[in-house]
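Peer 1: Below: one structure in structure tokens.
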Amino acid sequence: MALPQIALPDGYRWRTLTKDDQRLVTELDTWAFPSGHAHDDIDAAPSPLTWERAIAIEAEGSDGLVALHASYPFRQFPVPGAELPTAGLTWVGVHPQHRRRGLLTAMIDLHLARSAERGEALSALFAAEAPIYGRFGYGHAADDLRLEIPRGAALRDVPGAERHTIRIEVAAREKHGELVDRLHRAAGAAPTGLPGINRPGWVTRETEELQAVLWDDSPIHREGRESRRIMVVELDGEPRGYVTFRRTMSWEPRGPRGRVHAGEVVALDAAAARALWGALLDLDLTNDVTPFVLPVDDVITNLLVDLRAAVPRTPDNVWVRLVDVAGALAGRRYAADVDVTLAVTDARLPANAGAYRLRAEAFGEASVERVDPEFEAPDVSLDVRELGAAYLGGRSLAALAAAGLVTVHPRPGQPANALARASAAFGWPIAPGSSWVF
């Protein structure tokens, strides 16, 4: 497929990439994101890139690449009550000598144009620097939870947890790959243990390249920690959850000081989660457990008797950008009945700008039609950035309005406030979030 016609500054040109360009990609990536690892060691590990979706920029008079971006093909990206094809923007970097020349802007424009051509209604990303992507229409759509849980922290009891058993093994794709993939998907589809309410943003590793990176145990991933382990919780021999982890330990005058660095902590119901967390918090020669990325409403927040002692922090998780406003609004479900007209601005994708009437019954299919704002006055006006922030159900339209980022147009005689109705509808019972950084 030919690249869309997105202009670059004089002296620069686009370059499509293949697997044979791995060393050039590594060289640029370590300029954009400094690394202490040797290039040979980085190249020896699997690459997560889907190469046909990776595009670089070259410059006259410069060796190698000067900028790069890529995306992952998330065909089943979870949105409230549904899934939508989504471009997972990743590996965005510019050589420090070529900053402030418009290369990032050109790459974002190319990425959005290619996403639209592929029929991907959304783009999603993790932001290396939070201030960057808002100006391109990405909204801060989810947070995650980081904890430092003391060993032996008191947990509330859950009936049935005692019936579960735990097995702890060296993690291996051949033995655990299917189990992890199946349980991860199931936990995202039904985080309460009951069908009907999913976890938006709970993206799975859909490509072989991403799976290979997940299971790679090269020394560059260990950073002084042990090889990857896995703890599986079972009920009557049936796996009901897992956690991957690595431990570190140092010997000090007061005795051994150890830490459990946990990856994904996944369970299909409350009893399995209680059994899993109980075992994880009781490993010998350790002082605390640090899960990497948890949903902000993960069950551990309610199981811990003293959450404060775990030093909770909530950095930003997924950012979302609507590439096709009508398709994205129609493609999700809503938590309350809604009939609202939204006036959307979008400086980056002018075709998105306009008024949209959204109608849906709670948890049912939605319909969206473009309307003429001169004949159908909007109830709410907002930029595509704020729409992206609210899209997964983790940001309140009312809170955005309180910050002056959403404008409400009251209508006399309305039975209820339009902002309240829209906020209730756009919300979701489960907090959004991805369990891994892409």
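Peer 1: When you go through Leu155, Leu110, Leu104 one by one, which is the residue that is in contact with a helix residue (DSSP H, G or I) (Cβ under 8 Å, 6 or more places away or on another chain) and under 26 Å from Asn317 (Cβ atoms)?
Peer 2: Working: Leu110 fails: in contact with a helix residue (DSSP H, G or I) (Cβ under 8 Å, 6 or more places away or on another chain); Leu104 fails: in contact with a helix residue (DSSP H, G or I) (Cβ under 8 Å, 6 or more places away or on another chain).
Criteria check complete, one pass: Leu155.
Peer 1: Test of understanding: among Glu376, Glu365, Glu386, which residue is acidic (Asp, Glu), surrounded by fewer than 21 Cβ atoms within 10 Å (Cβ to Cβ) and closer than 27 Å to Ala189 by Cα? Give the steps one after another, and end with the answer.
Peer 2: Numbers: Glu376 fails: closer than 27 Å to Ala189 by Cα; Glu386 fails: surrounded by fewer than 21 Cβ atoms within 10 Å (Cβ to Cβ).
Residue meeting the stated conditions: Glu365.
Peer 1: Shifting gears a bit: Name every residue in the stretch 341-359 that is of a type in the set (Lys, Arg) and either under 18 Å from Thr105 (Cβ atoms) or touching a Pro at 6+ places or on another chain (Cβ under 6 Å) (or both), in order of residue number. Steps first, answer last, please.
Peer 2: So the first thing to find is which residues in the stretch 341-359 are of a type in the set (Lys, Arg), and the list is 348, 357, 359.
Passing the criteria: only Arg348.
Peer 1: Okay, moving on. Restricting attention to the stretch 342-356, report how many residues are open to solvent by less than 70 Å² (accessible area, probe 1.4 Å) and of a type outside the set (Val, Ile, Thr). Write out each step before concluding.
Peer 2: Initially, the stretch 342-356 is screened for residues open to solvent by less than 70 Å² (accessible area, probe 1.4 Å), giving 342-344, 346, 349, 352-356.
Retained after the next criterion (residues that are of a type outside the set (Val, Ile, Thr)): 342-343, 346, 349, 352-356.
Of the residues in the stretch 342-356, 9 are open to solvent by less than 70 Å² (accessible area, probe 1.4 Å) and of a type outside the set (Val, Ile, Thr).
Peer 1: Taking interchain pairs and intrachain pairs at least six residues apart, which have beta carbon atoms under 9 angstrom, with the first residue in the stretch 381-408 and without any contact (Cβ under 8 Å) to a residue 40 or more places away in the chain and the second buried (at least 24 other Cβ atoms within 10 Å of the Cβ) and of a type in the set (Lys, Arg)?
Peer 2: Leu405/Arg385
Peer 1: Follow-up. Return the pairs, sorted by first residue and then second, in which the second residue is part of a loop (DSSP other than H, G, I, E, B) and buried (at least 17 other Cβ atoms within 10 Å of the Cβ), the first residue lies in the stretch 262-287 and is hydroxyl-bearing (Ser, Thr, Tyr), the beta carbons are less than 8 Å apart, and the residues are 6+ apart or on different chains.
Peer 2: Pairs found: Thr286/Arg151.
Peer 1: I would also like to ask the following. In the stretch 176-191, is there at least one residue being without any contact (Cβ under 8 Å) to a residue 60 or more places away in the chain, within 20 Å of Arg229 (Cβ to Cβ) and in contact with a Ser or Thr (Cβ under 6 Å, 6 or more places away or on another chain)?
Peer 2: The answer is no; no qualifying residue exists.
Peer 1: Picking from Asp298, Asp316, which residue would you name as being surrounded by fewer than 18 Cβ atoms within 10 Å (Cβ to Cβ), within 24 Å of the chain's Cα centre (by Cα) and either of a type in the set (Val, Ile, Thr) or under 23 Å from Trp202 (Cβ atoms) (or both)?
Peer 2: After applying the criteria, what remains is Asp316.
Peer 1: Answer yes or no: is there a residue in the stretch 318-334 that is in a loop (DSSP other than H, G, I, E, B), of a type in the set (A, V, I, L, M, F, W, C) and closer than 30 Å to Leu280 by Cβ.
Peer 2: Here is the first cut: in the stretch 318-334, the residues in a loop (DSSP other than H, G, I, E, B) are 318, 323-324, 332-334.
Now restrict to residues that are of a type in the set (A, V, I, L, M, F, W, C): 318, 323.
If we keep only those that are closer than 30 Å to Leu280 by Cβ as well, we get 318.
There is at least one residue in the stretch 318-334 that is in a loop (DSSP other than H, G, I, E, B), of a type in the set (A, V, I, L, M, F, W, C) and closer than 30 Å to Leu280 by Cβ.
Peer 1: Oh, and also: Of all residues in the stretch 359-402, how many are assigned to a loop (DSSP other than H, G, I, E, B) and in contact with a Ser or Thr (Cβ under 9 Å, 6 or more places away or on another chain)? Quick ask: steps written out before the conclusion?
Peer 2: Applying the first criterion (assigned to a loop (DSSP other than H, G, I, E, B)) to the stretch 359-402 yields 361-365, 372-379, 392-396.
Pick out the ones that are also in contact with a Ser or Thr (Cβ under 9 Å, 6 or more places away or on another chain) and you get 373, 376-379, 396.
Of the residues in that region, 6 qualify.
Peer 1: Arg359 fails exactly one of the following numbered conditions: (1) within 28 Å of Asn417 (Cβ to Cβ); (2) open to solvent by less than 40 Å² (accessible area, probe 1.4 Å). What is the number of that condition?
Peer 2: Going through (1) within 28 Å of Asn417 (Cβ to Cβ); (2) open to solvent by less than 40 Å² (accessible area, probe 1.4 Å) one by one, Arg359 breaks only (2).
Peer 1: Please name all residue pairs, on different chains or six or more residues apart, with Cβ atoms under 8 Å, provided the first residue is in the stretch 59-70 and is over 23 Å from Leu89 (Cα atoms) and free of Cβ contacts under 8 Å to residues at least 60 places away in the same chain and the second residue is open to solvent by 10 Å² or more (accessible area, probe 1.4 Å) and of a type in the set (Gly, Ala, Ser).
Peer 2: Glu60/Gly11; Gly61/Gly11
Peer 1: Now for a different question. Working only within the stretch 166-207, note down all residues that are closer than 15 Å to Glu238 by Cα and touching a helix residue (DSSP H, G or I) at 6+ places or on another chain (Cβ under 6 Å).
Peer 2: Of everything in the stretch 166-207, just one residue is closer than 15 Å to Glu238 by Cα and touching a helix residue (DSSP H, G or I) at 6+ places or on another chain (Cβ under 6 Å), namely Ile166.
Peer 1: Then there is this: Please go through the stretch 159-215 and give me each residue that is open to solvent by less than 30 Å² (accessible area, probe 1.4 Å), under 17 Å from Asp297 (Cβ atoms) and among the hydrophobic types (A, V, I, L, M, F, W, C), ordered by number.
Peer 2: Matches in the stretch 159-215: Ala187, Ala190, Trp202.
Peer 1: Hey, another quick one. Just to be sure I understand, how many residues within the stretch 153-180 are over 20 Å from Ala271 (Cβ atoms) and either modelled with pLDDT under 95 or in a loop (DSSP other than H, G, I, E, B) (or both)?
Peer 2: So the answer is 2.
Peer 1: Taking the residues in the stretch 8-37 that are among the small types (Gly, Ala, Ser) and modelled with pLDDT of 95 or more as candidates, determine which candidate is surrounded by the most Cβ atoms within 10 Å (Cβ to Cβ).
Peer 2: So the first thing to find is which residues in the stretch 8-37 are among the small types (Gly, Ala, Ser), and the list is 11, 32, 35-36.
When the remaining residues are screened for being modelled with pLDDT of 95 or more, the result is 11, 32.
Details: Gly11: 12, Ala32: 17.
Among residues in the stretch 8-37 that are among the small types (Gly, Ala, Ser) and modelled with pLDDT of 95 or more, the one surrounded by the most Cβ atoms within 10 Å (Cβ to Cβ) is Ala32.
Peer 1: For Ala130, are the conditions met, namely being open to solvent by 20 Å² or more (accessible area, probe 1.4 Å), in contact with a Leu (Cβ under 6 Å, 6 or more places away or on another chain) and not in a helix (DSSP H, G or I)? I'd like the intermediate steps shown before the answer.
Peer 2: Working: open to solvent by 20 Å² or more (accessible area, probe 1.4 Å): yes; in contact with a Leu (Cβ under 6 Å, 6 or more places away or on another chain): no; not in a helix (DSSP H, G or I): yes.
No: the conditions fail for Ala130.
Peer 1: Would you tally the residues in the stretch 59-93 being open to solvent by 20 Å² or more (accessible area, probe 1.4 Å) and within 20 Å of Pro4 (Cβ to Cβ)?
Peer 2: 3
Peer 1: Can you name every one of the strands (runs of 3 or more DSSP E) wholly within the stretch 231-317 that holds 1 or more residues which are at pLDDT below 95? I'd like the intermediate steps shown before the answer.
Peer 2: On the way: elements: 238-252, 255-267, 288-291.
Per the criteria, 238-252, 255-267.
Peer 1: Just checking, which of Arg101, Arg135 is surrounded by fewer than 16 Cβ atoms within 10 Å (Cβ to Cβ), of a type outside the set (Gly, Ala, Ser) and at negative phi? So that I can check it myself, show each step before the final result.
Peer 2: Numbers: Arg101 fails: surrounded by fewer than 16 Cβ atoms within 10 Å (Cβ to Cβ).
Just a single option satisfies the conditions, and that option is Arg135.
Peer 1: While we're looking at this one, here's another question. For the stretch 363-398, how many residues meet the condition of being in contact with a helix residue (DSSP H, G or I) (Cβ under 8 Å, 6 or more places away or on another chain) and either on the phi > 0 side of the Ramachandran plot or of a type in the set (Gly, Ala, Ser) (or both)?
Peer 2: 7
The values are calculated or read from the model by the stated rules, or taken from the named source; none is laboratory data. Because the structure is predicted, anything quoted here is derived from the model rather than measured. We place every Cβ from the backbone using ideal geometry, glycine too, and count neighbours over all the protein chains shown. All accessible areas refer to the heavy atoms of the entire protein, side chains included, with ligands and DNA or RNA removed. Shrake-Rupley method; radii C 1.70, N 1.55, O 1.52, S 1.80 Å.
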